[in-house]
Amino acid sequence: MKNFLALLCVILAICKVSSESQELQKRNACKNHSCHPFTECQAVKRKSDGPEKWIFEPVCMKVPTCATKKCVDGEKCILKKIKCQLIPCFKIPTCLPDINEASPEYQMPPAFLV
């Protein structure tokens, strides 16, 4: 039983080191990579022929913007950050009521503005 627990601890330690090195690769992939305006660098995981089975490569991807999002009168477009599980993860253009021109139900009462 002790041998099994020791083996399990070693396996967990190796997995932790491997995931930390992948996180470091992911962070560094776009560090010195420049992209065209209106695009964003994303670290994309791909299979490698070398000793590491997976590597992260910098890829320039077109990002959603408010320029293409049409909002109705009284709304404005903002880039809303979302939680995502997969890469790439972009901010999403979203129409929200413009508080300066919105109807009274969207405006904050003066007591909250202090």
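Some observations on this one:
- Taking other Cβ atoms within 10 Å as a rough exposure proxy, Phe56, Phe90, Phe38 sort from fewest to most as Phe38, Phe90, Phe56.
- Lys91-Lys69 pseudo-label distance in nm [points 7 Å out on the Cα-to-Cβ vector]: 0.9 nm
- When the pairs Lys45/Lys69; Lys26/Lys47; Lys26/Lys83; Lys69/Lys91 are compared against a 20 Å limit on Cα-Cα distance, Lys45/Lys69 fall above it.
Every number in this text was worked out from the coordinates using simple rules, so none of it is lab data. None of the values given here were measured: they were computed from a predicted structure. We place every Cβ from the backbone using ideal geometry, glycine too, and count neighbours over all the protein chains shown.
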